[in-house]
Each structure stands twice: as structure tokens, then as C-alpha cells.
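S.K.: Have a look at the structure that comes next, please.
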Amino acid sequence: MEILMMGAPGAGKGTQAAYLSKKYGIPQISTGDMFRAAVAEGTELGKQAAACMAAGKLVPDAVTIGIVRERLAKADCEKGFILDGFPRTVEQADALERILSEQGKNLTLAINIAVPSEELIERAIGRRLCRKCGATYHVKFKPSRQENVCDACGGELYQRADDTAETMAKRLGVYEASTLPLIEYYKSAGKYAEVDGRCPISEVTAELIKVLDATEDRGR
Ligand code: ADP
Ligand code: AMP
């Protein structure tokens, strides 16, 4: 299964991709996580990405497409993958088509998690991440058992520097201008599905599984 998790910043792509990755046994590939790791390690890629991320802008297409191309060539992607946060522009979507066709693969489905913008801001501001294992929490909607401590590994939780009201406003503007057109892109390819992302996390997961299992059944 080659799946894209689509949705605005804070819609729940990473949260859901993590569950689906476990359920279907295919890797979750998050370009945001890859950039954050590169920034933390201080690599050349991290230096290129840091300023864009801090400003709420997209990292240039050529850079982003390059890291995804490399990642999708790894052996663990043979049986499929869940892309989370890529593509975010039509140029990235076209590049993904080329990469998949070179690998003799076809996109299974792009699923959009639809959430109104007021809720996105509250979700982003309350988001907390584990410094050690990357698990995602929310101070109100998915609190850790012990404040600022990861349930899974005991790591320290932190708030992303770009999860402020100001940077979120910029990120939502970029989403509307550059990423929203991808809904039409995948609709016209007959590869689009949408779930209501306003429900609690477990209900969104159940909806996604329903959509994916129905798609797999049709493909059999
Ligand atoms: P994205 O990867 O789309 O940016 P995340 O998966 O990181 O979004 O989710 C953003 C924040 O919202 C996180 O703190 C997460 O715990 C929380 N969250 C995710 N899905 C829901 C939901 N259905 N209801 C309430 N909060 C949610
Ligand atoms: P995310 O974790 O998906 O919210 O992404 C955090 C930041 O990483 C974004 O605001 C961008 O600066 C950068 N980023 C992540 N994915 C992409 C992408 N596909 N294209 C360009 N920039 C990206």
C-alpha cells in the first residue's frame, strides 16, 4: 500500500500515520520529522531547512524531493509506505508520480484529514513531542500520564518552535496557497478520499482503517 496522509498543519497526519504504520506494517515517512532530525544533528540539510521551518515556509522543492527519493529507495519501503507531510506542492506531487513509476509502483490512495482552521491552531499550540522517540501528545486532547514525560519511553516532551499562533498563521497561509490544490490533483486522478478529522483520535483512526480496507478489497 502506497498511502499519502494529507491535511493542514495540525490536522493529525503524524498521529494517524503512526497508528496505521503499526497496523499495516509499513513505514511512516514524515518529511517534517526528517527535517527536524537534520536540524537537531546540525547537518547540511538541517542548516538548509532550519530558516524555512522557523519562518513557517516550505523547504525548497528540490531539497525535499531529493530526501524523499532517497528514502523511498530503501528496502523497508518495498511493501509500501505512508507518506506524512509530502507532497505539499504540485511540483512535489509530480515528482512523486515519477519516483513511483520508476519503481513500478502506483499510488494507492491520498487521504485528507479535514479539520477547520480554528481547531488547527488549538491543536498545534497544545502539541508536545518526545525528544527521544518522537511520539506526539497534546496537553488537552492526548495528555501524557505524567506531565512532560513520554508514556512510551520516558523521554522529555517539548514544544516545537514553529507551534506558535504567529507561525501557525503563516503555515496555514502557505498550506492554502501551495498544498490545497493537491486535493483537486488527487481527485482528478481518482485517488482521493477524505475523513472527518474533528472527531476524537481513535474515531479518526477507525474511519481511516475503514477507507483503506475498502480500497484494498476493491484492489483484490
Ligand atoms: P500533523 O502531523 O497533521 O501536523 P499531529 O498528528 O501532530 O498533526 O497532530 C497535531 C496535534 O493535535 C497533536 O498534539 C495531536 O495529539 C493532536 N490531535 C491529533 N488528532 C487529533 C484529534 N482527532 N482530536 C484532537 N487532537 C488531535
Ligand atoms: P510538519 O512537521 O509536517 O508540520 O513540517 C514542519 C516544517 O517542515 C514545515 O513547516 C516546512 O518548513 C518543512 N516541511 C515538511 N514537509 C515539507 C515538504 N513536503 N515540503 C517543504 N517543506 C516541508
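The values are calculated or read from the model by the stated rules, or taken from the named source; none is laboratory data. The model shown is predicted, which means the values in this text are computed figures rather than measured ones. Positions of Cβ are generated from backbone atoms using ideal geometry, with glycine treated the same way; all protein chains shown enter the neighbour counts.
S.K.: Restricting to segment 200-220, give me the number of residues that are modelled with pLDDT of 95 or more and charged (D, E, K, R).
M.R.: Residues that pass the stated criteria total 3.
S.K.: A further question follows. Please determine, by comparing only the residues of segment 111-133 that are assigned to a loop (DSSP other than H, G, I, E, B) and within 10 Å of ligand 1 (Cβ to nearest atom), which one is surrounded by the most Cβ atoms within 10 Å (Cβ to Cβ). Before you say what the answer is, go through the steps one by one.
M.R.: Restricting attention to segment 111-133, the residues satisfying the condition of being assigned to a loop (DSSP other than H, G, I, E, B) are 115-116, 126, 131-133.
Subsequent filtering for residues that are within 10 Å of ligand 1 (Cβ to nearest atom) retains 115, 126.
On the way: Val115: 20, Gly126: 17.
So, considering only residues that are assigned to a loop (DSSP other than H, G, I, E, B) and within 10 Å of ligand 1 (Cβ to nearest atom), the one surrounded by the most Cβ atoms within 10 Å (Cβ to Cβ) is Val115.
S.K.: Follow-up. Please go through (1) surrounded by fewer than 16 Cβ atoms within 10 Å (Cβ to Cβ); (2) in contact (Cβ under 8 Å) with a residue 24 or more places away in the chain; (3) within 15 Å of ligand 2 (Cβ to nearest atom) for Glu176 and return the number of the only condition it doesn't satisfy.
M.R.: Among (1) surrounded by fewer than 16 Cβ atoms within 10 Å (Cβ to Cβ); (2) in contact (Cβ under 8 Å) with a residue 24 or more places away in the chain; (3) within 15 Å of ligand 2 (Cβ to nearest atom), the lone unmet condition for Glu176 is (2).
S.K.: Among the residues of segment 83-107, which ones are in a loop (DSSP other than H, G, I, E, B) and in contact with a Ser or Thr (Cβ under 6 Å, 6 or more places away or on another chain)?
M.R.: Gly85, Phe86, Arg88, Thr89, listed by residue number.
S.K.: Output yes when any residue across segment 187-194 is under 16 Å from Leu4 (Cα atoms), surrounded by 12 or more Cβ atoms within 10 Å (Cβ to Cβ) and touching a helix residue (DSSP H, G or I) at 6+ places or on another chain (Cβ under 7 Å), and no when none is. If you could, list the steps in order and put the result at the bottom.
M.R.: Our first condition is that a residue be under 16 Å from Leu4 (Cα atoms); within segment 187-194, this holds for 187-194.
Then keep just the ones that are surrounded by 12 or more Cβ atoms within 10 Å (Cβ to Cβ); that gives 187, 189, 191-194.
Next, only the ones that are touching a helix residue (DSSP H, G or I) at 6+ places or on another chain (Cβ under 7 Å) stay: 192-193.
There is at least one residue in segment 187-194 that is under 16 Å from Leu4 (Cα atoms), surrounded by 12 or more Cβ atoms within 10 Å (Cβ to Cβ) and touching a helix residue (DSSP H, G or I) at 6+ places or on another chain (Cβ under 7 Å).
S.K.: Then there is this: Going through Glu102, Glu91 one at a time, which residue ends up being more than 9 Å from ligand 2 (Cβ to nearest atom), touching a residue at least 12 places away in the same chain (Cβ under 8 Å), more than 19 Å from Gln159 (Cα to Cα) and over 15 Å from the mean Cα position of the chain (by Cα)? Spell out how you get there, then give the answer.
M.R.: On the way: Glu102 fails: touching a residue at least 12 places away in the same chain (Cβ under 8 Å).
The conditions single out Glu91.
S.K.: Right, here's the next one. Got at least one residue in segment 184-199 being free of Cβ contacts under 8 Å to residues at least 12 places away in the same chain and either closer than 19 Å to Tyr137 by Cα or of a type in the set (Phe, Trp, Tyr) (or both)?
M.R.: yes
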